[in-house]
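The numbers here are math on the coordinates, done by the rules we state, and not lab data. Computed from a predicted structure; not experimentally measured. Cβ coordinates were reconstructed from backbone atoms using ideal geometry, including for glycine residues, and neighbour counts include every protein chain displayed.
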């Protein structure tokens, strides 16, 4: 039983690949990094350091190998024999992969291959549906697109596991550290055939609710800690959690977004409060070196209308709910400077040229004059 996973990075190895191998799959990682590919093929295993609130241990992931995702003949051969395909790359890379996937899937099915499920494990909501759109467009109108559509399950999912980047052991390129907590939710309505037997993969017909809960709780809290932490000179999310004022600000932002979720989806308030508490404990883990600049990267993406700050803010305004902590988190995001982050550079250039209101209109499509004034005031006082 073979699984092909695109993306040999930390999330691929530390989360998806680990779960696939544990379920009995022979996992092939498709990547463009020759050092990672060579190490996978030489070692045929790697180490995952699993850390929790008060524990740490390591696990060995075996029966793995690597291929170059740019070698079409090799990729097509892997897709021909695969029982499952997964990805952990980025939306932009999914778009690049789409034509190759279209050609490989058509070749598989024309040769009599069985239907196949593909799960894109990206941060972007409904990323498998996004990939399906790109693959079908690459296939063109006609029989090829119809063949792919009839035989391929593009299964949307929501993933939740903190996997900080960076080398854990200079002598071991493949070793990766992950937190003990993980959540992998998949849309049960999108599979072709039987669901794969993967432990801890939860099938649901309410994926959007759970995906939004994660995005507007974990992502909102982590980003608030990162941007306020950066402003206060902290290097890691864990260090930001040790600052009472920053921790309280992040908790308040999570509660504000939580109030929207509770109202919109009729969630149980006590259960959601417990979910927030669990996430705060994860952020505070002394074993996770979650760098502030990693958590804060790509600020313009995080300021989009359907992202972790603006989306819940619009809900707060719709329901007449408090939003002070969210306003402050947005203001802190606008203060983010990082010369190595192209989005941070672009944001600061636009902000200094046009001001807060124009920046929010341009990148967030947010123009509520009263609340923009609140964000401007918070920006000036941070």
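Distances longer than 18 Å among the Cα atoms of the range 198-283: what percent of all pairs is that? Value for the range 198-283 (Cα pairs over 18 Å): 45 percent. The alpha carbon radius of gyration of the range 208-381, expressed as a multiple of 2.2 N^0.38 Å, is 0.97. Kirkwood hydrodynamic radius computed over the range 2-204 comes to 17.1 Å, based on all pairs of distinct alpha carbons. Based on C-alpha pairs under 8 angstrom that are at least 6 apart in sequence, the chain has a relative contact order of 13 percent. Computing FRET efficiency as 1/(1 + (r/R0)^6) for residue 324 and residue 172, where r is the C-beta to C-beta distance and R0 is 45 Å, gives about 0.45.
For the pair residue 205 and residue 45 in one chain, pulling the backbone fully straight at 0.36 nm per residue adds 54.1 nm over the alpha carbon distance. Based on every Cα atom in the chain, Rg and the maximum pairwise Cα distance Dmax equal 21.5, 65 Å. Spatially, the range 181-205 and the range 6-42 are offset by 20 Å when compared through their Cα centroids.
Once C-alpha pairs closer than 8 Å and six or more residues apart are averaged by separation and normalised to the residue number of the range 2-204, the relative contact order reads 22 percent.
With all distinct Cα pairs included, what does the Kirkwood hydrodynamic radius of the range 1-119 come out to in Å, to one decimal, could you say?
Kirkwood hydrodynamic radius for the range 1-119: 14.7 Å.
Helical runs assigned H by DSSP (4 residues or longer) give the chain a calculated mean residue ellipticity at 222 nm of -15500 deg cm²/dmol, each run adding -39500 (n - 2.57) before division by the residue total.
What value does the range 298-382 have for Rg/Rh, both radii from Cα atoms and Rh as Kirkwood defines it? Answer for the range 298-382: 0.94.
For the chain, the longest principal axis of the C-alpha atoms and the axis of helix 127-139 are separated by about 50°.
For the range 256-331, the Kirkwood estimate of the hydrodynamic radius, built from every pair of different alpha carbons, is 14.0 Å. Reducing the range 258-273 and the range 290-346 to their Cα centroids gives an inter-centroid distance of 21 Å. Highest average first, the peptides 308-316, 41-49, 267-275 ordered by how many other beta carbon atoms sit within 10 Å of their residues are 308-316, 41-49, 267-275. Taking 178, 74, 237 as the candidate residues, the one with maximal mean-square fluctuation in a Gaussian network model of the chain, Cα springs under 10 Å, is 74. Principal semi-axes of the equivalent ellipsoid, √(5λ) from the alpha carbon gyration tensor of the range 235-278, are 24, 10, 7 Å from largest down. The GNM of the chain, with springs linking C-alpha atoms under 10 angstrom apart, assigns the highest mean-square fluctuation among 126, 110, 13 to 110.
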